[in-house]
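Remarks on the structure that follows.
Computed from the coordinates by the stated procedures, all read-outs in this text should not be read as laboratory data. Here the structure is a predicted model, which means the values were calculated and not measured. Here the Cβ positions follow ideal geometry from the backbone for every residue, glycine too, while neighbour counts run over all protein chains shown.
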Amino acid sequence: MRIGVDIDGVISDSYPIWLQELNRHYGKNIPFIDDYNMHVAFDVTTEDMNDFFETNIERLLMMPEPVPGAKEGIETLLQEGHEIIYITARTPEQKDLTVRWFALREIHHKHVLFTGFGSKVDFVKEWGIEAFIEDYQVNAKLIAECGVPVFLLNASYNQEELPPGITRCHSWEEIITGIQELCPKNL
Ligand SMILES: [Mg+2]
């Protein structure tokens, strides 16, 4: 299968680092993110938070470690004959940093697509994606509505009830099991 994979919160464990750095910057002590739009929790404008990200982008993209099990999970999927296409909402300007992060962590990254402020659904259709691994439920719903099964990696900010077509997974091991059930011929 051709599998679409998100990066932040799925491959790169970005949010704990971003939360730590935002707490430091804004002088707060917010323990976890329950809203994907972090500016809400910090009670600042999106512009203000975007400025913080732009100013500190190299640190914020390079510091995070991989999500536990992600590197091994990608290797398993490749061994089982799947194709991995990363589809991220990062901007094309962040390509060099993103590729450098993957290379440093020795994680496969042949195809990385950057939507910026565009739609992941367009890439899902254009690239013939057959399953998707995501952590943001708004994207998960839009992709599932195209008939593409989505595996949603559980997070503090995606606790709403899920519609059909989206499977909540609590680990990369659960994601692998779900994909093996979806595509048993690759076992
Ligand atoms: Mg994400």
Is it fair to say E58 is surrounded by fewer than 17 Cβ atoms within 10 Å (Cβ to Cβ), closer than 23 Å to W127 by Cβ and charged (D, E, K, R)? no
Taking helices (runs of 4 or more DSSP H) that fall entirely within region 36-116, which contain at least 3 residues that are closer than 22 Å to Q137 by Cα? 38-42, 46-55, 70-79
Output the residues belonging to region 126-160 that are over 17 Å from T177 (Cβ atoms), in contact (Cβ under 8 Å) with a residue 60 or more places away in the chain and of a type in the set (G, A, S). G128, A155, S156
Here are some conditions: (1) under 17 Å from S14 (Cβ atoms); (2) more than 14 Å from the ligand (Cβ to nearest atom); (3) β-branched (V, I, T). I87 meets all but one. Which one does it not meet? (2)
Which listed residue is out of contact with any His (no Cβ under 7 Å at 6 or more places or on another chain) and over 17 Å from L153 (Cβ atoms), from L142, L78, L104: L104
State the number of residues belonging to region 127-146 that are surrounded by fewer than 22 Cβ atoms within 10 Å (Cβ to Cβ) and within 10 Å of the ligand (Cβ to nearest atom). 1
Flag if N23 is surrounded by fewer than 16 Cβ atoms within 10 Å (Cβ to Cβ), under 18 Å from A155 (Cβ atoms) and polar (S, T, N, Q): yes
Could you check, for region 170-187, whether at least one of its residues is within 15 Å of the ligand (Cβ to nearest atom), surrounded by fewer than 18 Cβ atoms within 10 Å (Cβ to Cβ) and not aromatic (F, W, Y)? no
Given (1) among the small types (G, A, S); (2) over 28 Å from I176 (Cα atoms); (3) surrounded by 15 or more Cβ atoms within 10 Å (Cβ to Cβ), number of the condition S14 does not satisfy: (2)
Find the residue count for region 154-187, including only residues that are of a type in the set (A, V, I, L, M) and in contact with a Cys (Cβ under 7 Å, 6 or more places away or on another chain). 1
Output the number of residues of region 61-88 satisfying the condition of being crowded, with 17+ Cβ neighbours inside 10 Å and within 19 Å of W127 (Cα to Cα). 8
State the number of residues belonging to region 147-156 that are more than 15 Å from the ligand (Cβ to nearest atom) and surrounded by 18 or more Cβ atoms within 10 Å (Cβ to Cβ). 2
Does region 57-69 include one or more residues that are away from the ligand (no atom under 16 Å from the Cβ), free of Cβ contacts under 8 Å to residues at least 24 places away in the same chain and over 15 Å from the mean Cα position of the chain (by Cα)? no
Scanning region 1-31 residue by residue, the ones that are within 16 Å of the ligand (Cβ to nearest atom), on the phi < 0 side of the Ramachandran plot and part of a loop (DSSP other than H, G, I, E, B) total 5
